[in-house]
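Remarks on the structure that follows.
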Amino acid sequence: MPAAPAKLSVCFSHVHMYCNALREPEEYRRLEDKLNDFSKICSAGGAGTADVKAGREAWLGLKVKHGEPVAKVSTPEEYSPIGQDIVEQLLVGLGWRVTGCHSGTTTKSLILTSADSGGVKFAITAHNTQTLNELAAVACAEEEPEAKRSRQVDQEAFDHFDTRHLKRFAKYHKGRQGVAVLGFLVSAGGIDMIRARYAELHPKLIMPDSPHSYPGAKVLEVFAYYMGEKLETDADTGTMLRFIEVLDEKSDASDVWVLPGIKRISAVFDGFSQPAYCDHWVSNVFSRTGFLDTLNDTLGFTPKVDFNAGVVAAGEAQIESTVTGNDPGKLMGDKTTALKDQSQVYLPINNALSDVGHVHVFLKELGQGIQHVASRVEDLASLIQRANDFRKMTGAGLSFLQIPRSYYGYITAKKLAQDSGVTEDVAERCLSHLKEAGIVDARSTVDLDVTRERVMAALPTCLPAVVADCVLRARYGNLHALLKNHASEETYLRIVRNNILVDIQGEDLLLQIFTSKVLQQSDGQEAPFLEFIERVCSECKDPSTGCPQAIKPGCGGFGIRNFLTLFLSIEVSKAAASRSDAERRGDAKMAELEGRRVDAFTAQLDESNPILTAISDAMTAEGAARDSGNTEAAQHWANEKAKGNEALQEVSSKYKELMRKLREEVSASAA
């Protein structure tokens, strides 16, 4: 394989979304002003201590001064993520602000960032008069020779905002909104080097007439994927990679904000929202290995983590995923630097192995593209609490994917007996009493708000206090098995209440959450979503010097346990929605079958969790052994990891067969 380009650095810049419509910056500023006033009223900006009822009244009271600068006005009870204005969602849910704009001949564009302008940057573009669905129809009509001859081209001064890009994207993605471009900053001379590599090895992927030079910057755009296998098929024209090279930081480059042509806007943040930083951007593709090879050929990116089919299988739905990225050779000396670093690029890549499941459906509905965008924050629980509080008070913003409660913990008679030391007969009686009191539900999960006094009152008399301890801990028992006493009960419950996913690698902790779909136009349609994470890097010390060791990028990994949890949770959400639809229709048989699907996905998660923990531990030990040069130990842990993968594949096969039978029952019932 040809050598990767020398002396090339690549770092995160921005993601570029295309949507149906955008309002003028002044209109969004009205909403920002209202939110800033609202944050002053709400205690701590709504980050965990807000009185939701009082906050709702305060929000309604601000209507006198600010009016209703919200695109989709609704009560909190009526809120739905479908059909939302993505700009509004980011302003309300995250406290981001509009920090740049471009008004072109046919399109308008905005830049949204968090409070730290060096972090996440979302570029959003829409046509001035036409939706993406309308542009898709125009693009199809222009394929006709006569229409093509009579077409009049009104080209934008800045090519990256030109209507033809929206048309091309809209045509490929069937008129849907989505993430169209992944943008990267490159070092001096990087544009020429990257283009030369594409011209030599992947010429089909080069965007015609690219690169473009502007005052202060040079921009190269290439198509991200092939339609199928690399080289053998044509370029997939639905998604682009964009490379930006700042030409002279001492002159006109200072005027370039994210992209040439963007006018910077002075924004006022609320003082409570958190800065966010790029962590990883995820693609769903037909050929995972083809995209991996292309990135290696052109940018020198190499695989970092592989998730095999056993790790990411929910019933019949199976995928494979590989995280690839660059090697900036950079270690961080402190947590703040690690949080803010944008030089380490990670690009997870998924492909479907079955004809069911969300990755398969995404590819079938939308084609290849960006599944989700992950951003890093300092305090994930506060970010989620703020977003949830603001949604409940304003009726706008973001909502999050619901995780099965059993992910965090559950209680059974056998488990209670083992943990407390009582007999199984006594444990059975305890469980019966707890269920009668409404403390334990039909899914064996314990009421989050239950008090010790209520538990003691429900339990049979003369039992040791440890029984009540075990019942209360069952609310987060799976987390406690991972983290032990490193977190308080308050912290554990905060994690559960906010639906945070938790994983641990060695001494490093990873916290994750996923939003509901964004840019979704209609119920049931596939669409991208956002992810937010917190990496809690351990404070390890060098045994020889006693000084803190440098922090590696990506500490905490990519959530080997959570990858399956996300996959299963998406399927659980779909099955739960289907069950609700069946109940509304009065179709008891279909509702019962969909309920069994929910139970099966949840059971697979419960059975997989201890295996995933063992695999994660083996991965950590293998990495530590390799770092220390102990090849024998590294091989041992590699073998243990392989055993875990085999065990997980067995679980996957078991539930794949179970789900196949359920699917056949559902099909028969619907016939």
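The values are calculated or read from the model by the stated rules, or taken from the named source; none is laboratory data. Keep in mind that this is a model prediction, so the values were computed, not measured. Ideal geometry is used to build each Cβ from the backbone, glycine not excepted, and the neighbour counts take in all protein chains shown. Ligands, DNA and RNA are excluded from the accessible area calculation, which covers all protein heavy atoms including side chains. Shrake-Rupley method; radii C 1.70, N 1.55, O 1.52, S 1.80 Å.
Observations on the structure shown:
- Looking only at residues in region 624-671 that are over 24 Å from Arg596 (Cα atoms) and of a type in the set (Lys, Arg), the one that is modelled with the lowest pLDDT is Arg626.
- Candidate set from region 175-214 (those that are under 14 Å from Cys11 (Cα atoms) and among the small types (Gly, Ala, Ser)); member that is nearest to the chain's Cα centre (by Cα): Gly183
- Set Glu200, Glu221, Glu229, Glu245: member being under 18 Å from Ile370 (Cα atoms) and acidic (Asp, Glu): Glu221
- When Ser432, Ser488, Ser444, Ser420 are checked against the criterion of being more than 30 Å from Ala338 (Cβ to Cβ), open to solvent by 40 Å² or more (accessible area, probe 1.4 Å) and of a type in the set (Ser, Thr, Tyr), Ser432 stands alone in meeting it.
- So Val502, is it in a helix (DSSP H, G or I) and surrounded by 15 or more Cβ atoms within 10 Å (Cβ to Cβ): no
- Ala224, sole failed condition from (1) in contact with a Ser or Thr (Cβ under 6 Å, 6 or more places away or on another chain); (2) open to solvent by 10 Å² or more (accessible area, probe 1.4 Å): (2)
- Residue in region 422-442 that is within 30 Å of Leu94 (Cβ to Cβ) and aliphatic (A, V, I, L, M) present: no
- Taking the criterion of being under 21 Å from Glu607 (Cα atoms) and either among the aliphatic types (A, V, I, L, M) or surrounded by fewer than 19 Cβ atoms within 10 Å (Cβ to Cβ) (or both), the only residue of region 451-472 that qualifies is Val471.
- Count of residues meeting criterion [part of a loop (DSSP other than H, G, I, E, B) and closer than 18 Å to Pro404 by Cβ] in region 436-481: 7
- When residues of region 292-308 are limited to those that are of a type in the set (A, V, I, L, M, F, W, C) and modelled with pLDDT under 95, the one surrounded by the most Cβ atoms within 10 Å (Cβ to Cβ): Phe307
- Identity of the residue in region 603-616, more than 21 Å from Leu658 (Cα to Cα) and within 24 Å of the chain's Cα centre (by Cα), that ends up surrounded by the most Cβ atoms within 10 Å (Cβ to Cβ): Ile615
- Pairs where the first residue, in region 324-344, is under 30 Å from Thr289 (Cβ atoms) and in contact (Cβ under 8 Å) with a residue 60 or more places away in the chain and the second is acidic (Asp, Glu) and in a loop (DSSP other than H, G, I, E, B), C-beta under 8 Å, 6+ apart: Lys330/Asp341
- Whichever residue in region 384-413 is of a type in the set (S, T, N, Q) and over 18 Å from the mean Cα position of the chain (by Cα) and, among such residues, is nearest to Asp449 (Cα to Cα): Ser406
- Of note, His480 satisfies the criterion of being modelled with pLDDT under 90 and closer than 20 Å to Ser420 by Cα.
- The single residue among Asp523, Asp542, Asp508 that is of a type in the set (Asp, Glu), more than 30 Å from Asp447 (Cα to Cα), open to solvent by 20 Å² or more (accessible area, probe 1.4 Å) and at pLDDT 75 or above turns out to be Asp523.
- All conditions but one from (1) within 30 Å of Leu182 (Cα to Cα); (2) open to solvent by less than 50 Å² (accessible area, probe 1.4 Å) apply to Arg29; the one that does not is (2).
- Matching entry among Val323, Val311, Val373 (being outside any loop (DSSP other than H, G, I, E, B), modelled with pLDDT under 95 and either more than 30 Å from Leu493 (Cα to Cα) or out of contact with any Cys (no Cβ under 6 Å at 6 or more places or on another chain) (or both)): Val323
- Among residues of region 82-98 that are open to solvent by less than 10 Å² (accessible area, probe 1.4 Å) and modelled with pLDDT of 95 or more, those with a Cβ under 9 angstrom from a residue that is among the acidic types (Asp, Glu) and assigned to a helix (DSSP H, G or I), sequence gap 6+ or separate chain, pair up as Leu91/Glu32; Arg97/Glu32; Val98/Glu32.
- Cross-chain or 6+ apart pairs with Cβ under 7 Å, region 140-164 first and modelled with pLDDT of 80 or more, then surrounded by 18 or more Cβ atoms within 10 Å (Cβ to Cβ) and hydrophobic (A, V, I, L, M, F, W, C): His160/Val219; His160/Leu259
- Residues of region 238-256 that turn out to be open to solvent by 10 Å² or more (accessible area, probe 1.4 Å) and at pLDDT 95 or above, as a count: 1
- Note on region 620-667: residues that are surrounded by 14 or more Cβ atoms within 10 Å (Cβ to Cβ), of a type in the set (A, V, I, L, M, F, W, C) and without any contact (Cβ under 8 Å) to a residue 12 or more places away in the chain total 0.
- For region 422-462, the tally of residues that are modelled with pLDDT of 95 or more and on the phi > 0 side of the Ramachandran plot stands at 1.
- Test for Gly261: is it in a loop (DSSP other than H, G, I, E, B), at pLDDT below 95 and over 22 Å from Val359 (Cβ atoms): no
- Residue satisfying condition, being of a type in the set (Gly, Ala, Ser) and within 30 Å of Asp523 (Cα to Cα), within set Ala235, Ala224, Ala199: Ala224
- Per-region count, region 196-221, residues of a type outside the set (Asp, Glu) and open to solvent by 50 Å² or more (accessible area, probe 1.4 Å): 6
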